[in-house]
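Values quoted throughout were computed directly from the atomic coordinates according to the rules given, and no laboratory measurement underlies them. Keep in mind it's a predicted model, so treat the numbers as computed, not measured. Methodologically, a virtual Cβ is constructed for each residue, glycine included, from the backbone with ideal geometry; neighbour enumeration extends over all protein chains shown.
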Amino acid sequence: MTKAETTNKIGTLYIVATPIGNLEDISERALKTLAEVDLIAAEDTRHTGKLLSYFNIKAKTFALHDHNEKQKAQQILDWLNEGKNIALVSDAGTPLISDPGYAVVNICRESGAQVTPVPGACAAIAAVSCSGLPTDKFQFLGFTPAKSQARQQFFISAHESGITSIIYESTHRIMASLNDLSEALGEQQHVVFAKELTKTYETFFSGPVNELIIFLTDEPERQRGELVLMLPGKGKETAAITPEAQKLIMLLEADMPLKKACGVAAEYFGLKKNALYKAIIAQREE
Ligand code: SAM
């Protein structure tokens, strides 16, 4: 695609993913598209300006954020109809995924304009792919509700769904959210926490929510940064069980209570004691 080739034709809207931390994650196609389009719609033009200048791309940008995207949508459609090619980017990751762009893509699709993805980084997918939780089915729930009671209900519904939930959370609300999760589903509830993905201080924590609360309280610095929280679906806590651990638990159970047997097996195989116990209980309840 070159600017010359696109004159007198209907333009294309490119939904371009940008890195979520590590700039090496940008794709060659994303760089080519950003360099060749006529205009770039950016969530924050200053932020995107830095990315463009890092890659030595000179481009015209304009702001497209939650507060103006409905008004801008028709303007973008007009430009596409005039033959202009436009890229839409957000501050990080895949646009529209808890980011602006929905109103624009919706109006473009309804009007028959061409919309095409230039895929790349997305924190939700990066996090779940390394979570150790089932990935055959999962749901992305965006950010948690602002109020405590609504949040508890949110966690209960997420868990009841029976599939892995991926949740975005902000640094200032993470502790309140984890306390609500613990209140709603019990302090032994298994969770996976992913922080600062693709960045220097990337951290994963997998275990009972009460241990995660301690982990984050011990060093409050750990609460800072960009976070994804993941929750296994009810009855899917089996990720903590290995076939060998299960066999050992069955042997030990003849001589000791289940909880103790899980403790011994967890110690032997280097697994999380509480997560293993909870997973065995959930498995037996199924
Ligand atoms: N569109 C983005 C995407 O594709 O992931 C998400 C944008 S949303 C406004 C920002 C939230 O995404 C953050 O609060 C955090 O929950 C998550 N996030 C973004 N970058 C992240 C990273 N490097 N590590 C962990 N979570 C991240």
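Considering only the Cα atoms of segment 10-121, their convex hull presents on average a projected area of 6.0 nm².
Distance between Cα centroids, segment 7-41 to segment 124-158: provide it in whole Å. Centre-to-centre (Cα) distance: 29 Å. The translational diffusion coefficient of the chain, from Stokes-Einstein at 25 °C and 0.890 mPa s with a Kirkwood hydrodynamic radius over alpha carbon pairs, comes to 116 µm²/s. Taking amide hydrogens as placed 1.01 Å from N in the peptide plane, the amide H of Q139 sits under 5 Å from those of T164, S165, I166, each at least 5 positions away in sequence or on another chain. Our coupling estimate for segment 134-150, obtained by passing each phi through the Karplus curve with A = 6.51, B = -1.76, C = 1.60 and θ = phi - 60°, is x, 10, 5, 9, 8, 10, 9, 10, x, 7, 6, x, 6, 9, 4, 5, 5 Hz, Gly and Pro reported as x.
Using the alpha-carbon centroid of each, what span in Å lies between segment 206-272 and segment 52-114? Centre-to-centre (Cα) distance: 44 Å. Stretching the chain fully between Q246 and Q283 yields a gain of 12.2 nm (0.36 nm per residue, less the alpha carbon separation). Near T61, the amide H atoms lying under 5 Å from its own belong to I40; only residues 5 or more places off or on other chains count, and H is placed 1.01 Å from N.
Computed over neighbours whose Cβ is under 15 Å from that of G101, the net charge equals -4, Lys and Arg +1, Asp and Glu -1. Can you list the residues of segment 131-151 with backbone N under 12 Å from a point 7 Å past the Cα of A176, pointing along Cα to Cβ? Once the point is set 7 Å along Cα→Cβ of A176, 144-151 turn out to lie under 12 Å by backbone N, inside segment 131-151. DSSP finds beta bridges in the chain, and of those with both partners inside it, around 45 percent are antiparallel.
Take 53-65, 99-111, 217-229 and order them by the average number of nearby Cβ atoms within 10 Å per residue, most first; the result is 99-111, 217-229, 53-65.
What whole-number value in cubic angstrom gives the convex hull volume per residue for the C-alpha atoms of segment 140-264?
Numbers: hull volume 15.5 nm³, N = 125.
Cα-based convex hull of segment 140-264, divided per residue, equals 124 Å³.
Pairs over the 25 Å Cα-Cα cut-off, from the set K58/K84; K60/K199; K247/K278; K32/K60: K60/K199. Between 0 and 90 degrees, the angle of helix 45-54 with respect to the longest Cα principal axis of the chain falls at about 90 degrees.
How much FRET efficiency would the formula 1/(1 + (r/R0)^6) give for K137 and E82, where r is the Cβ-Cβ distance and R0 is 30 Å, rounded to 0.05? Provide the component values of the computation, followed by the final result.
On the way: r = 43 Å, r/R0 = 1.43.
Once rounded, the FRET efficiency stands at 0.10.
Computed over neighbours whose Cβ is under 12 Å from that of A17, the net charge equals -2, Lys and Arg +1, Asp and Glu -1. Each peptide in 182-195, 262-275, 130-143 gets a packing score, the mean of other Cβ atoms within 10 Å over its residues, and the list from highest to lowest is 182-195, 262-275, 130-143.
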